[in-house]
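The values are calculated or read from the model by the stated rules, or taken from the named source; none is laboratory data. Because the structure is a prediction, the values reported are computed rather than measured. Note that we place each Cβ from the backbone using ideal geometry, even for glycine, and neighbour counts take in every protein chain shown. Heads up: the accessible areas ignore ligands, DNA and RNA and are worked out on the full protein's heavy atoms, side chains in. Shrake-Rupley method; radii C 1.70, N 1.55, O 1.52, S 1.80 Å.
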Amino acid sequence: MTYSNNVLLVYTGGTIGMSRNESTGALEPFNFEHLLSKVPELTQFPTHIATYQFTPPIDSSNMSPALWVELTHIIADNYDSYDGFVILHGTDTMSYTASALSFMLENLTKPVILTGSQLPIGQLRTDGKENLITSIEIASAKRPDGSAMVPEVGIYFNGHLMRGNRTTKMSADDFNAFESFNFPHLADAGVNITYRENIIRYPDASRQMTPHFRLDNNVIVFTIFPGIREDLVRHIIATPNLRSIVMRTFGSGNAPQSTWLLKALKEATLHGKLIINISQCMAGCVEMGRYDTGYQLKEAGVISGHDSTVESAVTKLMYLQAKFDDTETVRHYMSENIRGEMSV
């Protein structure tokens, strides 16, 4: 067969490549070549598929910034040899990985598609086959001028291609495990794959892709709830080396108007800590001028995360903190849309 495209398939681990231990009943990773043998349809592709496997494969609960750096190296080192990349990944942290890679791969000109499954690929009712096959098709798709159809980091799951840094895992059980609540799908797969080229981000053709290999994970997430305690909030804020906080608030960015909370947040921002306001709601936008409770947070120095996901806000902070030492520069870029991660 003559191949028109080359795709690198990277297996990190996850349910898609697992089998059930007959003794314990638990799911365990199996050899990657065995995974490929379960999908003989791949031999019908006019695409050469090369493979790379994490050794050993990891449960996605163990994903880390160090492994995001490793993935960035894998893509950067192989960038000129392949038309696209497909990363097989466990679902639990897939949105974090997709978000991180979107920031670490600047001016991306080729598809990086993450996928996985809710059932192992060897099981009869698996969703893994379709997810894998369509992800490879998307990763090798070209526009009429020969450029990549989707030069973005995306997640493909259950018939939908989504911008990676807009996604959140919404179900532990449904095949429709991910959604991008605040942004349309980049493509939907039915009989044909329908691409929405008007919302796909296309790179600056005059610039090369620039990989970034450093992350600073001095960031924490905490959630506002009725009855939240002052001593615990102050303990979080006083954490040594902490540079930023993703604060999950109510509705459109509201929090209790407790004097102690506003005072603690203001003290934190005055001491150089960056606090990003992200809504606990799955859909919608933080608008801190909409209600007085949100306005008080803005007065305390908290900045809006707009319609960003938690996953995107956390990984964007890691990326920016590694790149810039001063809080004001990080603050500036956290308010900017740099990879299609928010609507501003």
- Query: Once both labels are modelled 7 Å past Cα along the beta-carbon direction, what's the Val191-Asn6 spacing in nm?
  - Reply: 3.6 nm
- Would you give the gap between the C-alpha center of the stretch 188-214 and the C-alpha center of the stretch 224-240, rounded to a whole Å? 40 Å
- Item | Residue-by-residue Karplus 3J(HN,Hα) for the stretch 136-153, coefficients 6.51, -1.76, 1.60, Hz, glycine and proline x | 5, 4, 5, 5, 9, 6, 10, 7, x, 7, x, 7, 5, 5, 10, x, 9, 7
- DSSP bridge orientation in the stretch 121-256 - percent antiparallel, rounded to nearest 5: 70 percent
- Taking 0.36 nm per residue of separation and subtracting the Cα-Cα distance, what length does fully extending Val344 through Asn62 add? 98.2 nm
- Just give me a number: lysine pairs in the chain, eight or more positions apart or cross-chain, with C-alpha atoms less than 22 Å apart. 12
- Message: With the cut-off at 1.5 for a/c, could you classify the stretch 61-200 from its C-alpha gyration tensor as rounded, prolate or oblate?
- Response: rounded
- Task: Convert each backbone phi in the stretch 284-291 into a coupling constant with the Karplus relation 6.51 cos²θ - 1.76 cosθ + 1.60 (shift: θ = phi - 60°), then list the ³J(HN,Hα) values in order as whole Hz, x for Gly and Pro.
- Result: x, 10, 6, 10, 6, x, 6, 10
- Query: Using the Cα atoms as the points, what is the convex hull volume per residue of the stretch 60-113 in Å³?
  - Reply: 70 Å³
- Item | chymotrypsin sites (Phe, Trp or Tyr not before Pro) restricted to DSSP loop in the stretch 299-344 with at most 16 other C-beta within 10 Å | Phe324
- Amide H neighbours of Glu106 under 5 Å, at least 5 residues apart or on other chains, H built in the peptide plane: list them. Thr210, His212
- Per DSSP, loop trypsin sites (Lys or Arg not before Pro) in the stretch 276-344 with at most 15 further Cβ within 10 Å: Arg290
- Evaluated at 10 °C with a viscosity of 1.306 mPa s, what Stokes-Einstein diffusion coefficient in µm²/s does the stretch 205-253 have when Rh comes from the Kirkwood expression over alpha-carbon pairs? 115 µm²/s
- For Ser37 and Asp292, what does the FRET efficiency come to when R0 = 45 Å and r is the distance between their Cβ atoms, rounded to the nearest 0.05? 0.15
- Query: Ignoring ligands, DNA and RNA, what accessible area per residue does the chain give at 1.4 Å, in Å²?
  - Reply: 44 Å²
- Task: Please give the peptides 241-251, 44-54, 158-168, 63-73 ranked by average Cβ packing (other Cβ atoms within 10 Å per residue), highest first, as a rough proxy for protection.
- Result: 158-168, 241-251, 63-73, 44-54
- With Cα atoms, 0 to 90° folded angle of helix 65-77 axis to the chain main axis: 40 degrees
- Note on the structure: Cβ-Cβ cut-off under 15 Å around Glu341, Lys and Arg +1, Asp and Glu -1: the net charge is 0
- Item | Antiparallel bridges, percent of DSSP beta bridges restricted to the chain (to nearest 5) | 35 percent
- Note on the structure: Length gained if Ser147 through Asn241 is fully extended, taking 0.36 nm per residue and subtracting the Cα-Cα distance, is 29.5 nm
- Item | Taking all pairs of distinct alpha-carbon atoms in the stretch 304-344, Kirkwood radius in angstrom | 10.2 Å
- Ignoring any ligand, DNA or RNA, what whole percent of the accessible area of the chain comes from carbon and sulfur when the probe is 1.4 angstrom? 49 percent
- Query: Under 16 Å from the 7 Å Cα→Cβ point of Ala283, by amide nitrogen: which residues of the stretch 289-309?
  - Reply: 307-309
- Taking N as the number of residues in the chain, what is its alpha-carbon radius of gyration divided by 2.2 N^0.38 Å? 1.03
- How much length, in nm to one decimal, is gained on full extension between Phe175 and Thr55, taken as 0.36 nm per residue of separation minus their Cα-Cα distance? 40.5 nm
